[in-house]
């Protein structure tokens, strides 16, 4: 039923992600010319990541709570949250290449986590097929919990959370919110 209950969030998130991209473009030029990410724009985009993570934590990105996520960009009393430290200065040169060239290896890995699945070339374009590891693992965990009446297997949960953490770090990096390259690791 979570897919049905999540529809209001998914609809709002579509519009928030469109706004995220527009804000990203404005921030790109601001960073390029000033070396700074405007604070209000930064807070908005972190809020979009935060809202997305809460919905994913509740739904098929982790299935880690039954507490319905709040409709908010800001930190709230919820089991999942994202904090991205505001950078006082960002590299103007990196802004030109980090979101596409430097992030390519990260994009390939995250595509397997979130639904890239097998990559194929056909009809003159790249196609991503299949579901990602994160939603598949979350569904397996849900089935396990349903039929065994046990709690989320701890190691399984850590793996799902590690993949999500990796994906959101890449999103923050590609979103120009940090110059720190995302580490190639699942666990902190």
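Axis angle, to the nearest 10 degrees, between helix 39-58 and the longest C-alpha principal axis of the chain: 10 degrees. Diagonalising the gyration tensor over the Cα atoms of region 1-82 and scaling each eigenvalue by 5 before taking the square root yields semi-axes of 28, 13, 9 Å, largest first. So how tilted is helix 133-148 from the main axis of the chain? Cα-based, degrees 0 to 90, rounded to 10. Its long axis makes an angle of about 20 degrees. Would you please state the base-10 log of I(q)/I(0) at q = 0.10, 0.11, 0.14 1/Å for region 2-174, with intensities from the Debye formula using one equal scatterer on every alpha carbon? For region 2-174, the Cα-only Debye profile gives -0.45, -0.54, -0.85. Applying the Kirkwood pairwise sum to the alpha-carbon positions of region 141-182 produces a hydrodynamic radius of 12.0 angstrom.
Let's test the formula: R0 of 35 Å, r as the Cβ-Cβ distance of residue 12 and residue 109. What FRET efficiency results, to the nearest 0.05? For residue 12 and residue 109, the calculated efficiency is 0.80. All distinct Cα pairs of region 37-116 go into the 1/r average, and the inverse of that average, the Kirkwood radius, is 14.6 Å. Our summary gives region 2-174 a relative contact order of 20 percent, counting only alpha carbon pairs under 8 angstrom and 6 or more residues apart.
Potential lengthening of the chain between residue 76 and residue 185 amounts to 36.5 nm, from the contour at 0.36 nm per residue minus the alpha-carbon distance.
Ordered by the number of other Cβ atoms lying within 10 Å of each residue's own Cβ, fewest first, 113, 140 fall into the sequence 140, 113. Compared with the dominant Cα axis of the chain, that is its longest principal axis, helix 104-114 is turned about 30°.
No lab work stands behind these numbers, since they all come straight from the coordinates. Bear in mind the structure is a predicted one, so any value in this text is a computation, not a measurement. With ideal geometry, Cβ positions are generated from the backbone for all residues, glycine too; neighbour counts draw on all protein chains shown.
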